[in-house]
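Presented below is the structure to which this report refers.
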Amino acid sequence: MTDDEQHVAMQLILAAGDVKKLAFEGIDLAKKGDIQAAKANFTAAQKRLGEGHQAQSDYIRDHVDSDDGPSLLMVHAQDHLSMAMTTIELGRELVEVYAQMAKQKYL
């Protein structure tokens, strides 16, 4: 594994961690009734996810003709990024549920 691959893998893992943190904070804000702040968190999470996705795309583009497959660390990092995407998708749904509950005075 090259230093470049390690660097990219760490970028992906850090981006994924930031995304998940922002998403879970957004869910917590929605649970407390602050829907606008929750949505702002998800906007920030989506932006951070885009940064991670760009690093992944750049890596793939630069190594598409390589005979070496990705390292276990890179596969692990890509898995983290994928899970972060899922966290955003599900989290946004939860925010909408909390928003509907707030409208109905269930919160």
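Just so you know, all these numbers are worked out from the coordinates, no wet-lab data involved. For clarity, every value in this text was computed on a predicted model and none was experimentally measured. When we count neighbours, we look across all protein chains shown, and the Cβ atoms used for this are built from the backbone with ideal geometry, even at glycine.
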Step by step: first the residues of region 28-54, then only those that are among the hydrophobic types (A, V, I, L, M, F, W, C) and crowded, with 20+ Cβ neighbours inside 10 Å, then the one that is nearest to Leu90 (Cα to Cα). Which residue is that? Phe42
Condition check for Asp79: surrounded by fewer than 17 Cβ atoms within 10 Å (Cβ to Cβ), over 21 Å from the mean Cα position of the chain (by Cα) and not polar (S, T, N, Q): no
In region 1-11, what count of residues is obtained for those that are in a helix (DSSP H, G or I) and either surrounded by 22 or more Cβ atoms within 10 Å (Cβ to Cβ) or not charged (D, E, K, R) (or both)? 6
Is there any pair with a first residue in region 78-89 that is in contact (Cβ under 8 Å) with a residue 40 or more places away in the chain and a second that is basic (Lys, Arg) and crowded, with 19+ Cβ neighbours inside 10 Å whose Cβ atoms are under 6 Å apart and which are 6 or more apart or on different chains, and what are they? Ala84/Lys20; Thr87/Lys20
What is the residue count in region 56-107 for residues that are in a helix (DSSP H, G or I), polar (S, T, N, Q) and over 18 Å from Leu22 (Cβ atoms)? 4
Restricting to region 12-27, and then to whatever is surrounded by fewer than 23 Cβ atoms within 10 Å (Cβ to Cβ) and touching a residue at least 60 places away in the same chain (Cβ under 8 Å), can you tell me which residue is nearest to Asp67 (Cα to Cα)? Ile13
